[in-house]
Amino acid sequence: MKLYNKVLFFGFFLSSLCVYSQKDTIVTLKVVNLQSVKLYKHSKGLKVLDLTDSIIAKNATSFTSLLRFNTPIYIKEYGAGGTSSASFRGTSASNTAVIWNGININSINNGQTEFNSLNISLFDNINVRSGGGSIEFGSGAVGGTIHLNNELGFGAYSKHQVISTVGSYQTFHNLYKYSFGSETTAIKLGAAYNTSKNNYKWLDYNLENENGAYQQRDFNFSIAQKINDFTKISFFSSKYNGVRHFSGQLPNPSAAKEKYKDFSFRNLVNFNYHKKTATHNLKLAYLTQEYRYFADKNKEDYNFGKSKRYLINYDFSYKISSNSSIESFSEFESVDGKTDQIATKNRAQFSQSLIYNQRYKNLASLNAKVRKDFNSEYNVPFVFALGIQIKPLRNTFVRTNGSKNYRVPSYNDLYWPALGNKNLIPESSLQGEIGVGYKNNQFKIDLGAFYIDAKDKIVWTPGGDPDRPGVWTPINIDKVVNKGLEISTTYSINFVKHYIDLNTNYSYTIAKDKKTNDFIPYVPKHLLNSSISYSFKRINFYYQHLFNGKVYTTKDIIDSYAMPSFNIGNFGGSYNLIKNLKKELQFGFKINNVFNKTYQVLPGRPMPNRNINFNINYKF
């Protein structure tokens, strides 16, 4: 805490030195954090979805809802507001990497990120990249990556934003953001507080969601300083504190009494030097995570887990010519993790990556990547990736990519008390994809086919250990094949101040054990989401729809153990009471599950019935 206070004092001290530069006029900003630009540069042959401000605003109260209704990712959620994880192309949650300002923040304990603990509105842009080849962020993200970026801009400005939402089940979301800039300094801070009793009625049952309340506090701070025309230094910090009760299950929700507290603290210093053909970028990061699990919320006894992570990353880029460049990533990280039942364990790793970028006029471009890890516990082989994009005709493109990926077991996989498996070995995979598309100013379509061949895949399954029948344990599956199709389309039209936007994502996925031909559980064959938005002057209305196909919960295709498919829709709108260069005041509403459908994402956990929230968004 003392360290955090010192950091904040330093930030506010710097901001006080620059107050004389504040002006009311909004000017064009020079963005400091260019992670999105670098992402697209390194994504030749891959599909990248940009979740724009307007998309984020329509899902501002839930990161899980944002991904579920706007990406081809299947989200597993243990009841509304409960633990939430991603399954990208039928892979496990650990095969989806979450990248915060250029560094991987997946937990060392469970190897994944919990999306209901992330506040959407505290990020400035969010990108979703499908497929493997994320060598610069680690070697295990064969499913895809989700990028969360905070941007800082130089220029004379001072801006505030206040968002307040009130909704069903005593749900409240409140957020404040402030940003300030001068020619040499940029500062941004944000604070959020979310709480909900979350006691929705269970449709078709004379029951309600008991013990589902949650409370979350977030604080973000970032600052950048331009030292000279070639050198910039920036600092990003994020602190989260959450308390969540684990809701009950059918048939007896009143038996639920579990509680979960989690804390995270992320800090990143970024030093950037760019001159002529060379760019040096140095990152220093310190990240901590902690959880406390209470089997009985009325008692003080709890189990806990803690981890500390130290990271140094040096990125050197050299521009060979106007059409080619080479980039080197050198990274060292050291992680300490422990629980109340496991003594501190350390995992250290050094990695070296090289990326070659080539562009052939406006006809084709490619990325070639190679990476080698040196891990204190495992012998990690070389991994590689290649992505190519070609433009054979005007407005058309053909893309292809392939990669080798490698993932070591997480601490929970190995050491979770009574559940872990110390005999696990790392998983590896080869994946490939080919896609075609068309793009102009109004319309874009991307159709891709993917194939993933995984060896020694780590899967949690009931009865995986014959000595512990019925107990969920992780095992290595000899060979797993994931294959399928993805289609993404966007369409926008403007006629006489009437704006219409249409977005659609569809995925068809098959995931099987190659040896037994059994299906991998919790992989829907069909997943479709679509949204349409209409705007006229100060008015906006939108509709979101999700079709989630049938999900089998065991490796056997038995309908009695399957989660039925479901269709749900949300409807919302907003009105800008004030909108000018200095102020914007917007009132909005959203009706979730507008058709009041009964559905479950996971067995025994009914999701909310029709509910509504109202929001105010004020910028000045």
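A single entry from ILE487, ILE557, ILE477 fulfils the requirement of being open to solvent by 70 Å² or more (accessible area, probe 1.4 Å) and either touching a residue at least 40 places away in the same chain (Cβ under 8 Å) or β-branched (Val, Ile, Thr) (or both): ILE557. If you go through the stretch 167-212 and keep only what is farther than 23 Å from GLY588 by Cα, touching a residue at least 60 places away in the same chain (Cβ under 8 Å) and in a loop (DSSP other than H, G, I, E, B), you end up with SER182, GLU183, THR184, LEU203, ASP204, TYR205, ASN209, ASN211, GLY212. Would you mind telling me which numbered condition in (1) part of a loop (DSSP other than H, G, I, E, B); (2) open to solvent by 70 Å² or more (accessible area, probe 1.4 Å); (3) over 29 Å from SER321 (Cβ atoms) TYR378 fails? For TYR378, the failing item is (2).
Please find, within the stretch 563-608, the residue that is most open to solvent (accessible area, probe 1.4 Å) out of those that are part of a strand (DSSP E or B) and farther than 24 Å from SER533 by Cβ. Looking at residues that are part of a strand (DSSP E or B) and farther than 24 Å from SER533 by Cβ, I get GLN600. Considering each residue of the stretch 418-434 in turn, at least one proves to be under 17 Å from LYS345 (Cβ atoms), surrounded by fewer than 20 Cβ atoms within 10 Å (Cβ to Cβ) and without any contact (Cβ under 8 Å) to a residue 24 or more places away in the chain. Within the stretch 491-505, which residues are in contact with a Ser or Thr (Cβ under 8 Å, 6 or more places away or on another chain), open to solvent by 30 Å² or more (accessible area, probe 1.4 Å) and not aliphatic (A, V, I, L, M)? Those that are in contact with a Ser or Thr (Cβ under 8 Å, 6 or more places away or on another chain), open to solvent by 30 Å² or more (accessible area, probe 1.4 Å) and not aliphatic (A, V, I, L, M): HIS498, TYR499, ASP501, ASN503, THR504. Within the stretch 265-289, restricting attention to residues that are within 18 Å of ASP336 (Cβ to Cβ) and in contact with a Lys or Arg (Cβ under 6 Å, 6 or more places away or on another chain), the residue that is surrounded by the fewest Cβ atoms within 10 Å (Cβ to Cβ) is THR288. Taken over the stretch 290-321, the criterion of being in contact with a Lys or Arg (Cβ under 9 Å, 6 or more places away or on another chain), open to solvent by 60 Å² or more (accessible area, probe 1.4 Å) and closer than 17 Å to VAL335 by Cβ is satisfied by LYS306, ILE312. Restricting the search to the stretch 450-463, which residues are open to solvent by less than 50 Å² (accessible area, probe 1.4 Å) and either in contact (Cβ under 8 Å) with a residue 12 or more places away in the chain or assigned to a strand (DSSP E or B) (or both)? Answer for the stretch 450-463, where residues must be open to solvent by less than 50 Å² (accessible area, probe 1.4 Å) and either in contact (Cβ under 8 Å) with a residue 12 or more places away in the chain or assigned to a strand (DSSP E or B) (or both): PHE450, ILE452, ASP453, ALA454, ASP456, LYS457, ILE458, VAL459, THR461.
For the stretch 523-554, a residue qualifies if it is within 23 Å of the chain's Cα centre (by Cα), within 18 Å of ALA86 (Cα to Cα) and open to solvent by 40 Å² or more (accessible area, probe 1.4 Å), and the qualifying residues are LYS525, HIS526, LEU528, PHE547.
Within the stretch 131-156, the residues that satisfy the criterion of being touching a Phe, Trp or Tyr at 6+ places or on another chain (Cβ under 7 Å) and at pLDDT 90 or above are GLY144, THR145, LEU148, ASN149, ASN150.
Against the numbered list (1) under 21 Å from ASN104 (Cα atoms); (2) open to solvent by 20 Å² or more (accessible area, probe 1.4 Å); (3) in a loop (DSSP other than H, G, I, E, B), LEU393 comes up short only at (1). A count restricted to the stretch 322-343 and to residues that are farther than 25 Å from ASN281 by Cα and in a strand (DSSP E or B) stands at 4. The residue list ASN109, ASN125, ASN119, ASN59 contains one member that is within 26 Å of PHE620 (Cβ to Cβ), surrounded by 22 or more Cβ atoms within 10 Å (Cβ to Cβ), touching a strand residue (DSSP E or B) at 6+ places or on another chain (Cβ under 7 Å) and at pLDDT below 90, which is ASN119.
For the stretch 344-363, filtered to residues that are farther than 24 Å from VAL383 by Cα and in a strand (DSSP E or B), the residue that is nearest to the chain's Cα centre (by Cα) is LYS345.
Residues that are modelled with pLDDT under 90, touching a Phe, Trp or Tyr at 6+ places or on another chain (Cβ under 7 Å), crowded, with 24+ Cβ neighbours inside 10 Å and within 17 Å of ASN241 (Cα to Cα) do occur in the stretch 77-97, at least one of them. In the stretch 358-370, the condition of being farther than 27 Å from LEU430 by Cα and open to solvent by less than 80 Å² (accessible area, probe 1.4 Å) is met by no residue.
Whenever a residue of the stretch 327-343 is modelled with pLDDT of 90 or more, its partners that are open to solvent by 30 Å² or more (accessible area, probe 1.4 Å) and among the hydrophobic types (A, V, I, L, M, F, W, C), lying with C-beta atoms within less than 6 angstrom and at least six residues away or across chains, give the pairs SER328/PHE316; SER328/LEU354; PHE332/ILE312; PHE332/PHE350; VAL335/ILE108.
The values are calculated or read from the model by the stated rules, or taken from the named source; none is laboratory data. Predicted model, so just to flag it, every value in this text is computed and none were measured. A quick note on method: Cβ atoms are made from the backbone with ideal geometry, for glycine too, and the neighbour counts reach across all protein chains shown. When the accessible area is computed, the model is the full protein with side chains, heavy atoms only, and any ligands, DNA or RNA have been set aside. Shrake-Rupley method; radii C 1.70, N 1.55, O 1.52, S 1.80 Å.
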